[in-house]
Every structure is written in structure tokens, then in C-alpha cells.
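The values are calculated or read from the model by the stated rules, or taken from the named source; none is laboratory data. No experiment lies behind these values; they were computed from the predicted model shown. Heads up, the Cβs are rebuilt from the backbone with ideal geometry, glycines too, and the neighbour counts pull from every protein chain shown.
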Amino acid sequence: MTAPMRLSPIRIACAACVLAAGLFTVVAGVAGTVHAQPVERAPLRAPDIHYEPTPHNVVTEILDLAKIGARDVVYDLGCGDGRIVIAAVKQRGARGVCVDIDPQRIRESKVNAARAGVAERIVFLNQDLFETDLAGATVITLFLSRDVNRKLRPKLTRELEPGTRVISYVHDMGAWAPTASRTVQGAYGPRNLNLWIIAPRK
């Protein structure tokens, strides 16, 4: 007669753990109480600028200077928390596109748009702005740097339709003279707000 098999305490403990884990998985799956945690993603590459939100009073000035209305599609290149596009959609009835290289900024934009009740009218793109297709824009908003603005000029003139408005807070476009400008009160004192209108192609 064969002697009964005896399991060591370690094997018994391991078997109990496996059984408990399986039971927990089944219960969790049924109850729907366990969710995978999202994996934090780094920016696609090092951002060209340090993130600084546009003051809310300047957002209002941008909407006014660009004369944003219900027929506009507003692209914010380097959207941050999405406040410019959200204001354009909520206050002026426009549609919008938030573009940012940092996925954290896009997550913030989505949350803020949902809270404002306008998320369904906004497209969110975690992209390098130099690779974004701008052909659908009627307004482009920028709060970048003078160097990045100057690098963007060929892309803006190549992809945007004549009459498209480009507005930049603080920074100019080098030799590209603005169509209109005004002084606004920024977080660190008076700042320039410049508007360009894309000219007809020659």
C-alpha cells in the first residue's frame, strides 16, 4: 500500500496563495472593482519651452483680438491645460484642437474640457506641433518663444489658408510684421499680444 503524499508547509502555503489569487481575480472581475493603473508617459521629446499658463485675462484678450466666432476652428499649439481652446468653444461657440507634446498637458486639457462641458467639440492631440497638420485651422494661438515662432513661420505660410489668423502672446515673429497688436497685463507685467493674418499665396 502506497503511503499518502505529504505536502510541506511551504507547498501548502503556495497552493493557498495561488487559490486565493485566482479567487480574488474572479471576484474582482465580477465586481469590477479592480482597475489597471494608467502608465505615465513621458513627452515625445524634450519640450521647446517651459510650461507657463496664459493668464485668464489674456485669454479673453486673445478671443477679442482674433475675433473668434462660432465658425472658427481654433488650434492651440502648446495648449497647456487647454484654457484658450476651452474658452473659445464655451464662450464663442467655436470648435477647437488642443496640441501638446506632453501627455500630462493633454490629460489636463481633457479633464478641464469635460468639466466645462465642451469636450465633444475639441480634438486632443499629443503631438509635436511641428508635425501637426494645420490645414483645418482658421485661428492659431501661440505662447511659445521667439525662436520657435520663427521656426514655425514656413509651416504656417505653407499649410494655412489665406485669411487664417495667427495670434501670439508675448513673442513676435521676427521680421514678420504683425497686422495688429495690443499691450495686455500679463503675470509679470505688461506684455505684447500680436496678430498676423496669412496673406494670399503668390
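Miscellaneous remarks
- Check on Asp172, among the charged types (D, E, K, R) and either within 26 Å of Ala94 (Cα to Cα) or not assigned by TED's automatic domain parsing to the domain that holds Ile84 (or both): yes
- Among the criteria (1) touching a residue at least 12 places away in the same chain (Cβ under 8 Å); (2) hydrophobic (A, V, I, L, M, F, W, C); (3) on the phi < 0 side of the Ramachandran plot, the one Val170 does not fulfil is (3).
- Matching residues, segment 171-192, being touching a helix residue (DSSP H, G or I) at 6+ places or on another chain (Cβ under 6 Å) and aliphatic (A, V, I, L, M): Met173, Val184
- Among the residues of segment 153-180, those identified as farther than 20 Å from Glu131 by Cα and crowded, with 16+ Cβ neighbours inside 10 Å are Tyr169, Val170, His171, Asp172, Pro178.
- Of the residues Ile49, Ile68, the single one that is in a loop (DSSP other than H, G, I, E, B), at pLDDT below 95, aliphatic (A, V, I, L, M) and over 11 Å from the mean Cα position of the chain (by Cα) is Ile49.
- Of all the criteria given as (1) over 30 Å from Thr183 (Cβ atoms); (2) in the same structural domain as Val148 (by TED's automatic domain parsing), the one not satisfied by Ile122 is (1).
- Residue count for segment 133-144, restricted to those that are in a loop (DSSP other than H, G, I, E, B) and surrounded by 18 or more Cβ atoms within 10 Å (Cβ to Cβ): 5
- Criterion violated by Val123 - all others in (1) part of a loop (DSSP other than H, G, I, E, B); (2) without any contact (Cβ under 8 Å) to a residue 60 or more places away in the chain satisfied: (1)
- Residues that are hydrophobic (A, V, I, L, M, F, W, C) and either in contact with a Leu (Cβ under 7 Å, 6 or more places away or on another chain) or surrounded by fewer than 22 Cβ atoms within 10 Å (Cβ to Cβ) (or both) do occur in segment 145-152, at least one of them.
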